[in-house]
Amino acid sequence: MEDNKLNFRKKKVQAFTKVLLFYVCTIIILISASELTRELSKPSGDLLSVFIAMLTTFLLTVLFVRWDHIKLSEIGVTPGKLMLRRLFTGFIIGLLLAILQALIVMAFGHLKLRMTSNFNWGTIVFFLFFYVLIAVREELVFRSYLLRTLDYKFKAVFALSVMIILFIFEHILSGMSWKMSIIGSGLGGLLFGIAALKTRGIALPIALHTSWNFGQWVTGFKNQSGIWNAVVDRGYEIQTENIGLAAFVLVMLLTICILSSRRISL
């Protein structure tokens, strides 16, 4: 009996160690891809960097899956019969969340959205593809092998907690402020993680992740002009930023509560 407990604990320790090793490897891949494309002009260099990181992360995921003698379907990476529906639904929901955040901030005044004069369809397609690559790469890192392995070996709460901590850490490492990393990445990671566990796949979180980032770019909430440019009245920058953060928390918490309470067909 005691031997069985020791073996059980040993397997848990091994699984946790593998997960950490997997994550460290993804960081090395991300840094290496950035270094390889450092001399290239932006934004094409950024696009190529993310593409290399995404593709290499997928190959790394395959390697770890084979190491564990499991299938890609067991970590939700292979396409399922509901994939297209989840991609469409997730994309619409993510866009609506981004638009709702912008509308809430605008309702308090001191922020206006002005149409960008020099944007074109090529720019829109470029940034949509860019955010797709970012979402696929991050969902492969955090919501496939890492999250599902921890969920299998431990409890869902522990799995989500570890994943969110690593998700926050990566955004801090990329230069995001502590406040935005903890609140923004923390709630985003929780939403995407619950979506992955509920559906046992990454199609829904990929769509949510992509459309949220794309929606924020479209409305000018990515600190750069999209289709619209977010213009804040002088002297109200900090107040508007805080309202935007509060609106983000509100829309995320509402979505998390709704998603958590729903039964989703697999």
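Please treat every number below as a calculation from the coordinates, not as lab data. What you are looking at is a predicted structure, and each value in this text was computed from that prediction instead of being measured. In this analysis, Cβ positions are derived from the backbone assuming ideal geometry, glycine residues included, and neighbour counts consider all displayed protein chains.
Which whole-Hz couplings ³J(HN,Hα) result when phi for each residue of segment 30-37 is put into the Karplus expression 6.51 cos²θ - 1.76 cosθ + 1.60, θ = phi - 60°, listed in order with x for Gly and Pro?
Karplus values, whole Hz, x for Gly and Pro: 4, 5, 5, 5, 5, 5, 5, 10.
Please give the charge dipole size of segment 175-266, origin at the Cα centre, charges +1 on K and R Cβ atoms and -1 on D and E Cβ atoms. Round to the nearest 20 debye.
The calculated dipole for segment 175-266 is roughly 440 debye.
Rounded to the nearest 10 degrees, what's the angle between the helix 237-261 long axis and the longest principal axis of the chain, both from Cα atoms, 0 to 90?
On a 0 to 90 degree scale, this one is about 40.
Taking the Cα atoms only, what angle lies between the long axis of helix 156-173 and the longest principal axis of the chain, rounded to 10 degrees?
Tilt relative to the chain: about 50 degrees.
Return the calculated 222 nm mean residue ellipticity for the chain, to the nearest 500 deg cm²/dmol, obtained by summing -39500 (n - 2.57) across DSSP H runs with n ≥ 4 and dividing by the residue count.
Roughly -24500 deg cm²/dmol at 222 nm, from the helical runs in the chain.
Listing LEU63, LEU187 from the residue with the fewest other Cβ atoms within 10 Å to the one with the most, what is the order?
Least crowded to most crowded, the residues run LEU63, LEU187.
In degrees, nearest 10, range 0 to 90: what is the angle between the Cα axis of helix 44-67 and the longest Cα principal axis of the chain?
The helix 44-67 is inclined about 20 degrees to the chain.
For segment 78-261, compute Rg over Rh where Rg is the Cα radius of gyration and Rh is the Kirkwood radius from the inverse mean 1/r over Cα pairs.
Using Cα coordinates only, the ratio equals 0.98.
Fewest first, what order do TYR23, TYR131, TYR145, TYR152 take by the number of other Cβ atoms within 10 Å?
TYR152, TYR23, TYR131, TYR145
Between segment 122-182 and segment 220-266, what's the alpha-carbon centroid distance in Å?
A separation of 18 Å, based on Cα centres.
Under 24 Å Cα to Cα from LYS112, which lysines show up? Leave out anything in the same chain fewer than 8 places away.
Within reach: LYS222.
Taking LYS10 as the anchor, which lysines have their alpha carbon closer than 20 Å to its alpha carbon, excluding any fewer than eight residues away along the same chain?
Cross-link targets: LYS18, LYS153, LYS155.
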